[in-house]
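The values are calculated or read from the model by the stated rules, or taken from the named source; none is laboratory data. Since this is a predicted model, take the numbers as computed values, not measurements. With ideal geometry, Cβ positions are generated from the backbone for all residues, glycine too; neighbour counts draw on all protein chains shown.
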Amino acid sequence: MTSEIRVRIAPSPTGFLHVGTARTALFNFLYAKGHGGKFILRIEDTDRERSQAVYTQNIFDSLKALGLQWDEGPDIGGPYTPYAQSERTEIYQAWVDKLLASGHAYHCFLTQAELDAEKAKAQAEKRTYIYSGACRDPQKRDALAAQPAEDGSPRKPSVRFRIPDDRGALSFQDAVRGEVSFDTQLLGDFVIMKSDGSPSYNFAVVVDDMLMKISHVIRGEDHISNTPRQIMLYEAFGVTPPEFAHVGMILAPDRTKLSKRHGAVAVSDYIKEGYLPEAFCNFLTLLGWSPPDGEEIGTLDHFAQQFELGRITHSPAIFEKDKLNFINSKLIRSLPLDVLLTLARPYLHAFDLTQYSTEQLHQMLDAVREPITVLSDLPDAVSYFFGRMVIIDAQLVGDVLTGPEPAQVLQAFKNEWLPAADFSSVESLAEGMKAFTQSMKPLKTKTVMWTIRAAVTGRTHGADLSKAMHLLGKDVVSHRVDSALTLTTASPA
Ligand code: GLU
């Protein structure tokens, strides 16, 4: 056997790429990249009714956006093509036939109604349902096959795997959880091919992982109870199973399964909202894994070099949005301004950016990015840089621009400071503002600054005021101060 590391992500295209699947993809990717292995994308679209092309496309786009490029997959091919299960029907049929021929599988002619009745009986008797094995016996099976189904039509058989009677306890070494054991006799002969001819998940996954030479199956813990079934299939095929690593689930802060009611669960929604793919990946990396060097902020490459399955935790990881926000805002603050501008443009389409030079747009973004969490915060953050007027809401007028003091500040600013103010640089403006606040004593610096800021930007926080005024220019600043003055006089003192 070759020791090549080959891992895969095998999403079902029944919805947009979920953050949990993205995390699994990421762990597989990191493991492959850190060990000179291959990362394979397989689309598990055997459920024809629920699978949709738009979801497949979303899976491709989201994985690519996150930087998780696969080495083999449905779109790019590879040595074990095809990589979409819907195109592998004949392969599954051939392997089902082998199991039927070797006696490891048999046809089951029970109808859905009969199976439901078996289940209902188990429930009434308060025991865990295990398939009765009704069709194990060839005679009973033939008798059933000869009877029509409830609606009078011929019965369509499924194919079930025969769990060996003497198989007993099955143990495997999970790279995350250590030794895991199951009693195979509690599993019941399971379906490997449904009566409509489509393979079951457990069967298709084993055939594919086996033929695609997958060395490690790294997936969510929700699949752990499937693993003994899959191992028995490998045994029936006479093939050594891959290594397994079952990663703890991602839970919401209330410790329930992460779902839409907690907010977005699709990777594409986070990207649309303006989470940077690098930040999102960084955040996902820490959901259930911790870097040995303790350095939590890093690139995929950096994490790949340190990624070992043994450091994955089996306890659930909590999806802390605050942490994601922290990582994202940190990254936004560290981006080169030209990169930030390129990323920001789609979010700023409502503004006429042409009125500023590229250099000025860089300055604007630099001035406002400090408190930004996501790129979609940008339109609000930059809005006061556009238009001659600025909207000042009634609350702010009442709180900051009402009364004799703001009127006094704005009068002095307009009549004494502005005419001579040097707008040629941020520094000259900063100097000038310092002198102005001095000249307004005994009024507090804070009162002076808040008044000017409210008049010029329509808010009490945001970009450094000198930077903002430099970009706006003297004409717009004086226009806005004039308007604010009318507000102070119009307001009740
Ligand atoms: N299609 C399965 C899923 O999306 C794949 C599970 C596996 O990795 O085996 O959950």
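Does D222 count as more than 9 Å from the ligand (Cβ to nearest atom), surrounded by fewer than 17 Cβ atoms within 10 Å (Cβ to Cβ) and over 14 Å from F161 (Cβ atoms)? So D222 fails the test.
A residue that is within 13 Å of the ligand (Cβ to nearest atom), under 25 Å from the mean Cα position of the chain (by Cα) and in contact (Cβ under 8 Å) with a residue 12 or more places away in the chain can be found somewhere in segment 26-37. Quick check on A350: is it of a type in the set (G, A, S) and farther than 25 Å from E273 by Cα? When the stated conditions are applied, A350 does not pass them. Total residues in segment 303-338 satisfying the condition of being closer than 21 Å to G288 by Cα and either outside any helix (DSSP H, G or I) or over 19 Å from the mean Cα position of the chain (by Cα) (or both): the figure is 16.
The set of residues from segment 143-171 being within 29 Å of V207 (Cα to Cα), small (G, A, S) and at pLDDT 95 or above comprises A145, S158, A169, S171.
Being over 19 Å from L348 (Cβ atoms) and in a helix (DSSP H, G or I), is that true of even one residue in segment 366-373? No, that holds for no residue.
Among the residues of segment 396-455, the ones that are small (G, A, S), in a loop (DSSP other than H, G, I, E, B) and more than 20 Å from M364 (Cα to Cα) come to 2 in all. Scanning segment 8-25 for residues that are touching a Gly at 6+ places or on another chain (Cβ under 9 Å) and more than 10 Å from the ligand (Cβ to nearest atom) returns a single hit, R23. Of everything listed in (1) hydrophobic (A, V, I, L, M, F, W, C); (2) away from the ligand (no atom under 16 Å from the Cβ); (3) over 21 Å from A22 (Cβ atoms); (4) modelled with pLDDT of 95 or more, the single unmet condition for L233 is (2). Filtered by the rule that a residue be assigned to a helix (DSSP H, G or I), out of contact with any Ser or Thr (no Cβ under 8 Å at 6 or more places or on another chain) and among the hydroxyl-bearing types (S, T, Y), segment 339-365 gives T342, T354, T358.
Quick check on R155: is it in contact with a Phe, Trp or Tyr (Cβ under 6 Å, 6 or more places away or on another chain) and within 16 Å of the ligand (Cβ to nearest atom)? Spelling it out, it is not the case that R155 is in contact with a Phe, Trp or Tyr (Cβ under 6 Å, 6 or more places away or on another chain) and within 16 Å of the ligand (Cβ to nearest atom).
Reported count of residues in segment 268-299, each being surrounded by 21 or more Cβ atoms within 10 Å (Cβ to Cβ), closer than 17 Å to N28 by Cα and touching a residue at least 60 places away in the same chain (Cβ under 8 Å), is 7. Restricting attention to segment 424-475, the residues that are among the charged types (D, E, K, R), within 20 Å of T488 (Cβ to Cβ) and under 40 Å from the mean Cα position of the chain (by Cα) add up to 2.
All conditions in (1) closer than 18 Å to P157 by Cβ; (2) among the hydrophobic types (A, V, I, L, M, F, W, C); (3) touching a helix residue (DSSP H, G or I) at 6+ places or on another chain (Cβ under 6 Å); (4) within 13 Å of the ligand (Cβ to nearest atom) hold for F203, with the sole exception of (3). Checking each residue in segment 208-219 for being of a type in the set (A, V, I, L, M, F, W, C) and within 9 Å of the ligand (Cβ to nearest atom) picks out V217, I218. Restricting the search to helices (runs of 4 or more DSSP H) fully inside segment 1-116 and requiring at least 1 residues that are of a type outside the set (F, W, Y) and within 30 Å of H302 (Cβ to Cβ) gives 19-34, 53-65. Scanning segment 254-267 for residues that are crowded, with 18+ Cβ neighbours inside 10 Å and assigned to a helix (DSSP H, G or I) gives a single hit, V267.
Please specify each residue of segment 254-265 satisfying the condition of being within 13 Å of A317 (Cβ to Cβ) and within 15 Å of the ligand (Cβ to nearest atom). Full working, then the answer.
From segment 254-265, those within 13 Å of A317 (Cβ to Cβ) are 255, 257-258; that's our starting set.
The answer is K257, L258.
Might you check whether a residue that is in contact with an Asp or Glu (Cβ under 9 Å, 6 or more places away or on another chain), among the acidic types (D, E) and within 26 Å of T184 (Cβ to Cβ) occurs anywhere in segment 116-132? No - not one qualifying residue is present in segment 116-132.
Scanning segment 243-253 for residues that are more than 13 Å from the ligand (Cβ to nearest atom), surrounded by 18 or more Cβ atoms within 10 Å (Cβ to Cβ), under 27 Å from K38 (Cβ atoms) and without any contact (Cβ under 8 Å) to a residue 60 or more places away in the chain turns up nothing. Could you tell me which residue of segment 28-67 is farthest from R8 (Cα to Cα), considering only residues that are aromatic (F, W, Y) and either in contact with a helix residue (DSSP H, G or I) (Cβ under 7 Å, 6 or more places away or on another chain) or modelled with pLDDT under 95 (or both)? Among residues in segment 28-67 that are aromatic (F, W, Y) and either in contact with a helix residue (DSSP H, G or I) (Cβ under 7 Å, 6 or more places away or on another chain) or modelled with pLDDT under 95 (or both), the one farthest from R8 (Cα to Cα) is Y31.
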